[in-house]
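The values are calculated or read from the model by the stated rules, or taken from the named source; none is laboratory data. Given the structure is predicted, the values throughout are model-derived calculations rather than measurements. Virtual Cβ from ideal backbone geometry, glycine too; neighbours counted across all protein chains shown. These area figures cover heavy atoms from the full protein model, side chains too; ligands, DNA and RNA do not enter into them. Shrake-Rupley method; radii C 1.70, N 1.55, O 1.52, S 1.80 Å.
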Amino acid sequence: MAALSIRDVCKSYTPELQVIHNVSMEVKDGEFIVILGPSGCGKSTLLRMVAGLETITSGEIAIGGRVVNKLEPKDRDIAMVFQNYALYPHMSVYDNMAYGLRIKGLSKEEISVRVKKAADILELGDFLKRKPRALSGGQRQRVAMGRAIVREPQVFLFDEPLSNLDAKLRVQMRGELQALHRRLGTTSLFVTHDQVEAMTLAQRMIVMNAGRAEQIGAPLEVYAKPATTFVAGFIGSPPMNLIPKDGKLLGIRPEHLEPCAASDALLTIDVDLIEPLGADTIVYGHIGDGESVRVAARLPAHALTQEGKLALRYDTANVHWYDPQSGRRIDT
């Protein structure tokens, strides 16, 4: 295990095309970091630079105190798990997990010990003789993780490893990843566009936007105090409402809105859509004649059953303010 240091890292393909802009972060030994952002934000590029699969235009990356900018991927003591399982179809589970160790020249005895240890951790002991085609999607992804575990690296790198799984399997694999990290305690970077994965897995997260780190912090901290309008509009389902008010942007989470009498209303919306979700009901609407200001409210089940005008209030303690020009949070 090792600490990971990312210092003022930039990536440009041409002088006009810069895709990563001065990203910095200190990752503690054993910490689980999630890099979160929409498609094209640079999150996978950042991960690939840590792995050595992309060159660094400027800045510095250090693993365990050793600068690795010029090192080949094989010399960085990292292991990577991709979205695609990339298993050898003609090899058994055991051979898939052992292959990299054989290439490194480890003895048969050492390989056996490592593979069986990883198989026990991932509950793959009964599948070691099977070929990948005889496994479920979740089992194949566990084999891909096992192949990384047997290397006993200083850092794990995960590039959207759960994206190809169905919803139920993703929930199961999130739990398995949490348990795996508790057992191994290896420093980990995990890339995803899925905010649920980020919120449930991360000890800290980097929210990326257009190649920049918009905010770095613990998941609940980022959710409670978004640093920018981008983070406010990206984290949360539905995301934070952003409403022009008094020359600024007022931010209020949907769950902090509640119905009230018209005389007590702090805002009134025209309801466009009602989504009953069982325990909650999500109400979508807009303010005024135009529909440019959209509002979502998370209400108790059956709180609203028909469209029309809806008066809402909120506790000012739950309000956030943003500069409409810079998009940065205004702390009052």
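Net charge dipole, the chain: roughly 1560 debye, given to the nearest 20, about the Cα centre with Cβ charges of +1 for Lys and Arg and -1 for Asp and Glu. Packing here is the average count of other Cβ atoms within 10 Å per residue, and on that basis the peptides 253-262, 30-39, highest first, run 30-39, 253-262. Segment 216-236 and segment 141-168 have Cα centres lying 26 Å from one another.
When LYS108, LYS11, LYS131 are compared by accessible area of protein heavy atoms, the largest-first order is LYS108, LYS131, LYS11, using a 1.4 Å probe.
If you find the alpha carbon centre of segment 60-98 and of segment 296-321, how far apart are they in angstrom? The two parts, judged by their Cα centres, are 48 Å apart. Over all other residues within a Cβ to Cβ distance under 10 Å of PRO238, the charged ones net out to +1, with Lys and Arg as +1 and Asp and Glu as -1. Longer than 28 Å from Cα to Cα, which of LYS225/LYS245; LYS43/LYS248; LYS131/LYS168 are they? Say none if no pair is. Over 28 Å apart, Cα to Cα: LYS43/LYS248.
Each of ILE216, ILE56 has its accessible area taken with a 1.4 Å probe; listed largest first, they run ILE216, ILE56.
Heavy-atom accessible area for LEU169, with the other protein chains in place and a 1.4 Å probe, reaches approximately 40 Å².
Just the accessible area for SER92, please: 1.4 Å probe, Å², rounded to the nearest 10? Its accessible surface works out to 20 Å², give or take rounding.
Computed with a 1.4 Å probe over protein heavy atoms only, the accessible surface of the chain comes to 49 Å² per residue.
In the chain, helices alone account for a calculated mean residue ellipticity at 222 nm of -7500 deg cm²/dmol, with every DSSP H run of four or more residues adding -39,500 (n - 2.57).
Counting other Cβ atoms within 10 Å, keep those with at most 15, restrict to DSSP loop, and tell me which trypsin sites (Lys or Arg not before Pro) in segment 24-90 are left.
Working: sites: LYS28, LYS43, ARG48, ARG66, LYS70, LYS74, ARG76; in loops: LYS28, LYS70, ARG76.
Of the trypsin sites (Lys or Arg not before Pro), the ones in loops of segment 24-90 whose Cβ has at most 15 other Cβ atoms within 10 Å are LYS28, LYS70.
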